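> If you scroll down you'll find the structure; I have some questions about it.
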Amino acid sequence: MLDIGFPELLLIILVSLIVIGPERLPELIKSFSRIYRYIKEYINKTKTEIEKNIGMDSIRQDLHNEKKMKDFKDQESLQDSKK
């Protein structure tokens, strides 16, 4: 989601240490992690609700069935060409 690597994380922590100070940094990290967790849960719930409302399960099933039919037809045409 955020694609933050280890070097970026170290830089963020270093800058935070300088700007905020070592006393308040653990408190700030806890607050940010709670906020991040809340936002992530909210996004996941919203995504699930949207998928449920648009019938995503049936769309996935239809796509899966179409792929299986295409594979079946491809195999069938290969067998016909061998004859």
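> Taking 2.2 N^0.38 Å as the expected size of a compact globular protein, what ratio does the Cα radius of gyration of the chain give against it, to two decimals? Walk me through the numbers on the way to the answer.
Numbers: Rg = 24.8 Å, N = 83, 2.2 N^0.38 = 11.8 Å.
Output field value: 2.10.
> Within 13 Å, Cβ to Cβ, of Lys52, how many net charges do the neighbouring residues add up to if Lys/Arg are +1 and Asp/Glu are -1?
Result for the neighbourhood of Lys52: 0.
> Let me ask something else about it. Per DSSP helix of 4 or more residues, -39500 (n - 2.57); summed, then divided by the residues of the chain. What does that give at 222 nm, rounded to the nearest 500? Mind dumping the intermediate values first?
Numbers: 3 runs with 72 residues, N = 83.
Helices in the chain give a 222 nm mean residue ellipticity of -30500 deg cm²/dmol.
> Just name one of Leu28, Leu9, Ile50: the one whose Cα is farthest towards the positive end of the charge dipole of the chain (beta-carbon charges, Lys/Arg +1, Asp/Glu -1).
Ile50
> With charges only on Cβ, +1 for K and R and -1 for D and E, what is the dipole size of the chain about its Cα centre, in debye, rounded to 20? Could you put the intermediate results ahead of the total?
Values: 15 positive and 14 negative charges, 31 e Å.
With Lys and Arg at +1 and Asp and Glu at -1, about 140 debye.
> Round to the nearest 10 and give me the degree value, 0 to 90, for the angle of helix 6-20's Cα axis relative to the longest principal axis of the chain.
For 6-20 against the chain, the angle is about 30 degrees.
Each value in this text was obtained by applying a stated rule to the coordinates, not by laboratory testing. Everything quoted here is computed from the prediction, not taken from an experiment. So basically every Cβ, Gly included, is an ideal-geometry build from the backbone, and we count neighbours across all protein chains shown.
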